[in-house]
Every structure is written in C-alpha cells, then in structure tokens.
C-alpha cells in the first residue's frame with residue numbers, strides 16, 4: 001500500500017533517492033508542493049514536487065518520515081508495462097537486507113543483518129557504494145550492484161585500454 005492505496009513498487013538501489021509518482025500521489029488525494037528542485041536522468045531534467053509529511057513503512061523493518069520527492073514516472077511505467085507508484089531507492093534500501101526467492105515467489109525485506117546465510121552459501125562482501133570486488137582477466141574491478149538494471153555489466157574505457 002502506498003498512500004493508503006494498492007500499488008506497484010519498484011526497488012532500485014541504483015537510484016540515489018526514493019521518489020513517488022506525482023500522478024499517483026495526486027490521484028490518491030495527496031497534496032504536492034512545488035519546489036525549486038530538479039531531477040535528471042542521463043538525458044533529461046524535470047521538475048520535482050514534494051510530498052510533505054509522508055510516511056513510508058516497510059512493515060516490521062523500516063519507517064521513513066518526512067518529505068518525499070515526487071516526479072512524473074509515467075514514461076517509466078509505460079516502459080515497464082505497469083504503473084509504478086514509488087521507486088524505493090538506495091537511501092532506504094541501503095538500510096535493509098533484501099532476499100529474493102523466485103522459486104517460492106517470495107521477497108523478504110528485513111533489518112540490515114537480519115538474514116543469516118545457510119551452510120555452504122557464498123557470502124560476498126559489499127563495499128561502500130554497493131560495490132563488490134571481482135577479477136576479470138586477472139584485473140581487480142569493482143562492480144556496482146544495481147537491482148534495477150537488466151543489461152550486461154559495462155566496463156569503462158580505462159579497463160579496455162589497460
């Protein structure tokens with residue numbers, strides 16, 4: 001439930017900040033305040049409104065209160081084929097542990113450190129900035145974890161020319 005209404009929520013730890021869809025908030029009767037803030041993707045900039053006195057709760061795990069930026073998520077919703085009400089970003093996801101079990105059709109969100117790996121599980125340390133160390137062709141690289149990205153791992157030019 002988002003603002004008291006059923007909604008689809010996108011979890012994206014690659015997004016710095018949690019944002020609400022301005023259209024969804026308006027349809028839910030939530031007042032938005034204009035701001036001087038702007039958000040940008042790599043290709044465009046757009047105005048940001050604010051949901052004041054918002055409360056976002058992940059049951060039994062985390063509650064965040066205060067202002068939540070609201071932007072037009074209509075293009076993202078169309079691209080994903082379903083309306084997205086909020087995008088829960090790294091500002092909140094970095095404070096919890098997320099476990100996905102597709103075979104059981106389960107997603108668990110628990111307080112950070114609340115999941116204990118079973119015997120034989122591979123545990124990979126995550127560094128600041130949601131990065132893990134790896135080796136590619138014997139060269140140490142830092143890979144960013146981004147649950148919202150569907151593409152292949154991209155390497156910058158410095159790796160390719162080294």
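Can you spot a residue in segment 86-106 that is within 17 Å of the chain's Cα centre (by Cα), within 30 Å of residue 143 (Cβ to Cβ) and free of Cβ contacts under 8 Å to residues at least 12 places away in the same chain? Scanning segment 86-106, I find at least one residue that is within 17 Å of the chain's Cα centre (by Cα), within 30 Å of residue 143 (Cβ to Cβ) and free of Cβ contacts under 8 Å to residues at least 12 places away in the same chain, so the answer is yes.
Put simply, of 83, 69 the only residue that is at pLDDT 80 or above and within 14 Å of residue 9 (Cα to Cα) is 83. In segment 134-147, is there at least one residue being modelled with pLDDT of 75 or more and under 15 Å from the mean Cα position of the chain (by Cα)? Yes: segment 134-147 contains one or more residues that are modelled with pLDDT of 75 or more and under 15 Å from the mean Cα position of the chain (by Cα). Against the conditions (1) out of contact with any helix residue (DSSP H, G or I) (no Cβ under 8 Å at 6 or more places or on another chain); (2) more than 22 Å from residue 145 (Cα to Cα), residue 92 satisfies every one except (2).
Restricting attention to segment 11-46, the residues that are touching a helix residue (DSSP H, G or I) at 6+ places or on another chain (Cβ under 9 Å), closer than 12 Å to residue 76 by Cβ and modelled with pLDDT under 90 add up to 2. All of (1) at pLDDT 80 or above; (2) in contact with a strand residue (DSSP E or B) (Cβ under 6 Å, 6 or more places away or on another chain); (3) within 18 Å of residue 8 (Cα to Cα) hold for residue 131 with one exception: (3).
The values are calculated or read from the model by the stated rules, or taken from the named source; none is laboratory data. None of the values given here were measured: they were computed from a predicted structure. Reconstructed Cβ throughout: ideal geometry from the backbone, glycine too, with neighbour counts over all protein chains shown.
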